[in-house]
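For reference, the structure discussed in these notes is given below.
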Amino acid sequence: MRNLFWLLAIVLVGFSVGCSNQEKPEPETTAEEEFVWSPESFADKKIIRYQVPGFEKLSLQQKKLVYYLVQSGLAGRDIIYDQLYRHNLKVRKALEHVLENYNGDKSTDDWKNLERYAKNVFFSNGIHHHYSSDKFNPDFSREYFEGLLKETGHELSDEVLTAMFDPAVDNKRTNFDPSKGLVKGSSVNFYDPDITEAEVDAFYSAIQKSDEAIEYGLNSKLVRGENGQLMEKSWSVNGMYGAALKEVVSWLEKAVGVAENEAQANALKLLIEYYNTGDLNKWKEFNVAWVQATEGDIDYIHGFVEVYNDPKGYKGSFENIIQIKDFDASARMEKVAASAQWFEDNSPIMDQHKRAEATGVSYKVVSVAGESGDASPSTPIGVNLPNSNPLRVKYGSKSVSLGNIITAYANADGPGLLQEFALNDEQIKRAQDHGQLAGKIHTALHEVIGHASGQLEPGVPQPATTLKSYSSPLEEARADLVALYFIMDSTLVEMGLMESLEVGKAEYESYLRNGLMLQLRRIEPGKNIEQAHMRNRQMVSNWVLEKGKADNVVEMIQKDGKTYIQINDYMKLRDLFGQLLREVQRIKSQGDYEAGKNLIETYGVQVNQDIHKEVLSRSEKLNIPPYGGFINPKYVPVTDDNGEITDIKLEYPDDFLQQMLDYGKNHSFLPVEN
Ligand code: ZN
């Protein structure tokens, strides 16, 4: 159930998540210190580095666990290439070979175009664009490439070269246009090429589905047997992808030996059994054990997980994300949660809508330590698993926000957007000094207090029933407003969450810039706002703009022919947020559909066409690539004379292409014929 997170991560680069599928206002702050967050851009992509802040706090045993899990994921990297297209590995190997062995002229346009093509392929784990799914068309000729192959002593079959260079061949990775046939029109390697959608449907509807919790078809390719009958080739140590999965398992076995606790070790053992056998019952058992293994500082996502690359939604893509607890964020959340009753008592909502016994909800932020497969180089920013709905209902799910990835996105955007849209140097400086902390406190208040606060009046049904399609934007508005109201409260300074109210001011400026202007970057010209979080943010921003007019609290002003947002009275603005919170809480507590609909439709849906045009043209000039992908950190074991690991060093490589070539050399296990 990660689709929303994933899409947000890809389309809306530079947004953080909060609650399940929540996006947060646009991070605008600039880089800190000298860490280079974004070493390069090419085509429509930006390469980003991320830091792993919690790693140094781990014990040696925990560091080993991280290292073994990261290695296990990298060992399966070849799999995603083969899954996405049957010729991907051959093309990748040829590109690696040429890049490493060609010694001729590298100053030509042809060579530069080849390098860019190779980077595109590495970024997308194959020759189709990771997001649009369209095939990359090389900006160099087949003859040029064949010349390079010849010179470096590498061969590719005519079939593979045609796949690379003929734009008509296999030009869509995952096709959702029914007129071309979902299966036939897709180049993914989940079904033999001559298998039709009707055959896939027939095969899977005929399977005896004895257990609803099992994700049938998840870990196999559907192929045609010798007699023409369809059969599954399972992805397991003794089946397809066995050579890579054997390596994966050998690292997982080491991980079992250094697990933090028994529950974690048992889950890993089930995962190993699953990879060994390909038995989906074991995958189910693993998921139950995994979702219940909640102790410990380290966690992971591992397996054939998400099915979005399969037009039919059966086949899981190989994926691996290693996570370390975000110790700072956890401490912040705990501090906020410990004061939950204080927040409830001091909320501007009506007394009958307050909880007598308020407790914060637990919300997890983690740091990514390493990623592979479907999650790399392009990554989600939040994950909520397992996918099997019966398992979620019965055992719950793990929902995490990938904090260090979100931070990296925010830093990578650089100061461009902020400098363009902030009113003056004072706002810019405030955002640079306090913007990141403001965003983090907003998230903590939104998640831990906001969604958990307030209560319904007796006899009022759940908001999904009363407020219908408006319940989601209104709920997000409620949680945002709790955060906005309290982030300007000096008690937060006393609690030690922040040093001064400058943090609150930075958040107010950033929130309104985003709600009134910046978020419109993501709306196509002529369209209105559909997405719940965007509706919420525009509703809140427009409402305070209008209600504050009489007192001149907030205004949109013109300077040099451009529009800016000026806040004239931060405390009155806080009061307006409080008034709106009181009203939105009343709407929820009483189930007042008409009032809720009115708020959202009046303030949250319509796009101001002039502002929209202006925002698009001002951001276009900044040339910020729409997609971001990540260089992984590298873990280097330090050993003593007996070969025992005494420490694991964390390094931050800064060359994307070099990392891709290293992976090709050191973490490639599937045999490939040319
Ligand atoms: Zn939320």
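Holding the Cα-Cα limit at 21 Å, pick out from Lys335/Lys440; Lys172/Lys312; Lys254/Lys315; Lys93/Lys150; Lys246/Lys269 the pairs that are longer than that. Can you show the working numbers first?
Numbers: Lys335/Lys440 13 Å; Lys172/Lys312 15 Å; Lys254/Lys315 28 Å; Lys93/Lys150 14 Å; Lys246/Lys269 14 Å.
Checking Cα-Cα distances, Lys254/Lys315 exceed 21 Å.
Using a Förster radius of 25 Å, what is the FRET efficiency between Glu502 and Gln419 based on their Cβ-Cβ separation? Nearest 0.05, please.
On the way: r = 19 Å, r/R0 = 0.76.
That gives a FRET efficiency of 0.85.
Taking the C-alpha atoms of the stretch 544-674, how large are the radius of gyration and the largest Cα-Cα span, Dmax, in Å?
27.5, 77
Which of rounded, prolate, oblate describes the stretch 357-446, given a ≥ b ≥ c as roots of the alpha-carbon gyration tensor eigenvalues and a/c under 1.5 marking rounded, otherwise prolate only if a/b is larger than b/c? The partial results should precede the final answer.
Details: a/c = 3.40, a/b = 1.64, b/c = 2.07.
In terms of gyration-tensor shape, oblate.
Percent of alpha carbon pairs in the stretch 137-265 separated by more than 19 Å? Kindly include the intermediate steps, with their values, before the conclusion.
On the way: 5684 of 8256 pairs.
Counting every Cα pair in the stretch 137-265, those more than 19 Å apart make up 69 percent.
Loop only by DSSP, 11 or fewer other Cβ within 10 Å of the Cβ. Give me the GluC sites (Glu not before Pro) in the stretch 319-399 that pass, ordered by residue number.
Numbers: sites: Glu319, Glu334, Glu344, Glu357, Glu371; in loops: Glu357.
Taking the stretch 319-399 and a limit of 11 other Cβ atoms within 10 Å, the loop GluC sites (Glu not before Pro) found are Glu357.
Relative to 2.2 N^0.38 Å, what does the C-alpha radius of gyration of the stretch 178-234 come to as a ratio? Two decimals please. Provide the component values of the computation, followed by the final result.
Details: Rg = 11.8 Å, N = 57, 2.2 N^0.38 = 10.2 Å.
Normalised Cα radius of gyration, the stretch 178-234: 1.16.
Which is the longest part of the chain that has none of the trypsin sites (Lys or Arg not before Pro) sitting in a DSSP loop with at most 16 other Cβ atoms within 10 Å? Present the calculation step by step, with values, prior to reporting the outcome.
On the way: sites that count: Lys106, Lys184, Lys209, Arg355, Lys527, Lys549, Lys621.
The answer is 356-526.
How large is Rg over Rh for the chain, taking Rg from the Cα atoms and Rh as the Kirkwood inverse mean of 1/r across Cα pairs? Write down the numbers at each step before the final one.
Details: Rg = 26.1 Å, Rh = 26.7 Å.
So for the chain, dividing Rg by the Kirkwood Rh gives 0.98.
Just name one of Gly403, Gln538, Ile487: the one whose Cα is farthest towards the positive end of the charge dipole of the chain (beta-carbon charges, Lys/Arg +1, Asp/Glu -1).
Of Gly403, Gln538, Ile487, it is Gln538.
Mind listing the long-range amide H neighbours of Gly303? Cut-off is under 5 Å, sequence gap 5 or more, other chains count too, H placed in the peptide plane at 1.01 Å from N.
Correct list: Glu319.
Using only DSSP helix segments of four residues or longer, with each worth -39500 (n - 2.57), what per-residue ellipticity at 222 nm results for the chain after dividing by its residue count and rounding to 500?
Details: 26 runs with 305 residues, N = 674.
My calculation for the chain gives -14000 deg cm²/dmol from helical runs alone.
As a quick test, which of the pairs Lys46/Lys135; Lys505/Lys562; Lys284/Lys649 have an alpha carbon distance above 25 angstrom in this structure? Don't skip to the answer; put the middle values down first.
Numbers: Lys46/Lys135 19 Å; Lys505/Lys562 22 Å; Lys284/Lys649 35 Å.
In this structure, Lys284/Lys649 lie more than 25 Å apart at Cα.
Calculate, in nm to one decimal, what Asn137 and Asn608 gain on full extension: separation in residues at 0.36 nm each, minus their alpha carbon distance.
On the way: separation 471, 0.36 × 471 = 169.56 nm, distance 3.81 nm.
That pair, Asn137 and Asn608, stretches by 165.7 nm at full extension.
Which whole-Hz ³J(HN,Hα) couplings does the stretch 446-456 yield from phi under the Karplus relation 6.51 cos²θ - 1.76 cosθ + 1.60, θ = phi - 60°, glycine and proline marked x?
Along the stretch 446-456, the couplings run 4, 7, 7, 9, x, 5, 8, 8, x, 8, 7 Hz.
Kindly report, to the nearest 10 Å², the accessible surface of Asp425 as traced by a 1.4 Å probe over protein heavy atoms only.
Per-residue accessible area (Asp425): approximately 120 Å².
Tell me the net charge near Gln264. Cut-off is 12 Å between Cβ atoms, Gln264 excluded, with +1 for each Lys or Arg and -1 for each Asp or Glu. Write down the numbers at each step before the final one.
Working: positive: Lys269; negative: Glu260, Glu262, Glu295, Asp297, Asp299.
Net local charge, Gln264 excluded: -4.
In square angstrom, what is the accessible area per residue of the chain with a 1.4 angstrom probe? Don't skip to the end; give the middle numbers.
Values: 26640 Å² over 674 residues.
With the other protein chains kept in place, the chain gives 40 Å² per residue.
Heavy-atom accessible area of Met571 with all protein chains present, probe 1.4 Å, nearest 10 Å²?
Taking all protein chains as shown, Met571 has close to 100 Å².
Taking each pair of distinct Cα atoms in the stretch 290-396 once, what is the resulting Kirkwood hydrodynamic radius in Å? Don't skip to the end; give the middle numbers.
Details: mean 1/r = 0.0598 Å⁻¹.
Evaluated over the stretch 290-396, this radius sits at 16.7 Å.
What does the extension gain come out to for Lys269 and Ala356, with contour length at 0.36 nm per residue minus their alpha carbon separation? Write out the running numbers ahead of the final one.
On the way: separation 87, 0.36 × 87 = 31.32 nm, distance 4.46 nm.
Length gained between Lys269 and Ala356: 26.9 nm.
Please list, ordered by chain and number, the residues whose modelled amide H lies under 5 Å from the amide H of His128; skip anything fewer than 5 residues away on the same chain.
Placed amide hydrogens put Phe136 under 5 Å from His128.
How high is the FRET efficiency between Tyr144 and Ser179 when r is their beta carbon distance and R₀ equals 35 Å, given to the nearest 0.05? Can you show the working numbers first?
Working: r = 36 Å, r/R0 = 1.02.
In this case the efficiency is close to 0.50.
Sort the stretch 457-550 into rounded, prolate or oblate with this rule: let a ≥ b ≥ c be the square roots of the eigenvalues of the Cα gyration tensor; rounded if a/c is under 1.5, and if a/c is not under 1.5, prolate when a/b is larger than b/c, oblate otherwise.
On the way: a/c = 2.23, a/b = 1.22, b/c = 1.84.
Oblate.
Could you let me know the centre-to-centre spacing of the stretch 525-583 and the stretch 440-479, using Cα atoms, in angstrom?
Value for the Cα centre distance between the two parts: 20 Å.
The values are calculated or read from the model by the stated rules, or taken from the named source; none is laboratory data. All figures in this text were calculated on a predicted structure; none of them were measured in a lab. Using ideal geometry, Cβ is built from the backbone for each residue, glycine included, and neighbour counts are taken over all protein chains shown. Surface accessibility is based on the protein's heavy atoms, side chains included, excluding ligands, DNA and RNA. Shrake-Rupley method; radii C 1.70, N 1.55, O 1.52, S 1.80 Å.
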